[in-house]
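**Student:** Shown below is the structure under consideration.
The values are calculated or read from the model by the stated rules, or taken from the named source; none is laboratory data. Predicted model only: the values in this text are computed from it and were never measured. Please note: Cβ atoms are built from the backbone with ideal geometry, for glycine as well, and neighbour counts cover all protein chains shown. We work out accessible area using only protein heavy atoms, side chains counted, and drop any ligands, DNA or RNA first. Shrake-Rupley method; radii C 1.70, N 1.55, O 1.52, S 1.80 Å.
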Amino acid sequence: MKKLSLVSMVLIMTMSFAAFGGGTEEQETTLVFGDLSWNSVQVHNRIAAFIIENGLGGYKAEFTAADTLVTINGLIQGDIDIDMESWHSNYREAYQKGIDFGDIIDLGKNLPDGPQAWWVPRYMVEGNGAAAPDLKSVEDLKKYAELFPDPEDSKKGVVYGGVAGWQQLEISEEIFNKFGLDDQFNLSVAGSGAALAATMVAAYEKKEGWVGYYWAPTAILGRLDMVALKGSEFDPADVNILVNKDMPEKAPDVVEFLKAYSTDVDMNNEFLAKMEAEEWDAEEIAVWFLNNREDVWTRWVDADTAARVKDALAAL
């Protein structure tokens with residue numbers, strides 16, 4: 001018998017190794033998270049991914065950048081497996097279609113109703129020297145238009161209504177018109193979430209007036225002390241965990257874990273404010289959360305899974 005070449009021997013060994021189940025990479029099931037454009041969902045994705053990969057094992061997490069509607073459609077089509085923050089009440093028709101056809105499974109709330117409203121700084125309405133102590137509601141704004149000057153129109157105040165293209169802007173417009181604010185205010189529309197946030201932060205740092213739309217959980221509302229005006233509250237947002245219909249068969253232990261996954265707005269504001277202050281990315285703040293909020297995440301998993309996650313954290 002002729003001697004086998006080195007290349008042939010390596011090839012046979014590789015084939016034999018694969019045939020007997022060697023190589024963990026081939027055994028791993030890939031799970032795709034919808035990596036939406038805001039920080040909180042990106043952090044949740046990485047908290048869940050760390051627990052799934054290190055605690056449950058046998059899975060590899062991937063993250064696909066997409067907005068809410070694309071993520072919902074991705075869940076329906078099976079291109080995305082998990083959405084950790086649905087906010088689907090802003091896209092009820094698309095969500096309901098996926099539920100009705102059985103393509104999406106709703107595992108319940110990640111966090112209680114995400115607050116959306118028009119906010120003012122607390123220093124304007126409470127405490128010594130408050131410029132507008134009687135400002136409690138949208139209706140009361142009419143008495144204080146001069147405290148919210150529009151930099152582009154000296155004759156009127158300004159309400160920052162939201163972001164161009166966002167579904168919420170329609171609701172801000174309804175509130176603005178319902179209370180007849182157009183005689184004394186202009187409704188400003190920002191080009192992006194970052195631009196909207198910048199107007200709030202700039203006014204707050206100067207202790208000036210600001211009123212407008214924002215939502216939680218966010219780093220800004222975790223850091224700035226703001227008060228929601230009565231009459232401006234949006235219907236509570238559904239911030240649920242959604243998965244593709246095949247997940248119970250594809251990853252049943254992951255589904256059970258995600259059913260137990262639950263946070264609250266204050267908790268989210270805390271880690272988002274920490275993320276901003278430290279200038280950390282989503283993965284870094286996820287590790288911080290797992291190290292510092294063991295009291296929370298250990299409720300989502302059994303003791304063995306928790307032990308494996310702690311070992312993985314200790315090895316970092």
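**Student:** Give the residues of the stretch 57-72 that are open to solvent by 20 Å² or more (accessible area, probe 1.4 Å) and in contact (Cβ under 8 Å) with a residue 40 or more places away in the chain, sorted by residue number.
**Tutor:** 57, 59
**Student:** While we're looking at this one, here's another question. Would you be able to tell me the number of residues in the stretch 17-49 that are at pLDDT 95 or above, more than 20 Å from residue 86 (Cα to Cα) and open to solvent by less than 30 Å² (accessible area, probe 1.4 Å)?
**Tutor:** Residues in the stretch 17-49 being at pLDDT 95 or above, more than 20 Å from residue 86 (Cα to Cα) and open to solvent by less than 30 Å² (accessible area, probe 1.4 Å): 0 in total.
**Student:** Which of the strands (runs of 3 or more DSSP E) found entirely inside the stretch 115-207 contain at least 1 residues meeting this: open to solvent by 40 Å² or more (accessible area, probe 1.4 Å) and of a type in the set (Asp, Glu)?
**Tutor:** Working: elements: 116-121, 153-163, 185-190.
Hits in the stretch 115-207: 153-163.
**Student:** How many residues, within the stretch 289-316, are over 14 Å from residue 222 (Cβ atoms) and assigned to a helix (DSSP H, G or I)?
**Tutor:** Narrowing the stretch 289-316 to residues over 14 Å from residue 222 (Cβ atoms): 290-316.
Retained after the next criterion (residues that are assigned to a helix (DSSP H, G or I)): 290-292, 294-297, 303-314.
Adding up the residues that qualify gives 19.
**Student:** Out of the stretch 73-94, which residues are out of contact with any Asp or Glu (no Cβ under 8 Å at 6 or more places or on another chain), open to solvent by 10 Å² or more (accessible area, probe 1.4 Å) and modelled with pLDDT under 95?
**Tutor:** Selection gives 73, 90, 91, 92, 93, 94.
**Student:** Continuing with this model, one more query. Taking the conditions exactly as written (open to solvent by 80 Å² or more (accessible area, probe 1.4 Å) and at positive phi), does residue 249 satisfy them or not? It would help to see each step written out before you state the result.
**Tutor:** Working: open to solvent by 80 Å² or more (accessible area, probe 1.4 Å): yes; at positive phi: no.
Spelling it out, it is not the case that residue 249 is open to solvent by 80 Å² or more (accessible area, probe 1.4 Å) and at positive phi.
**Student:** Kindly indicate the residue of the stretch 252-288 that is in a loop (DSSP other than H, G, I, E, B) and free of Cβ contacts under 8 Å to residues at least 12 places away in the same chain and also surrounded by the fewest Cβ atoms within 10 Å (Cβ to Cβ) among those meeting that condition. Give the derivation first.
**Tutor:** The initial filter retains those residues of the stretch 252-288 that are in a loop (DSSP other than H, G, I, E, B), namely 261-264, 279-281.
Filter once more, so that each one left must be free of Cβ contacts under 8 Å to residues at least 12 places away in the same chain: 279-281.
Working: 279: 7, 280: 16, 281: 13.
Here the residue is 279.
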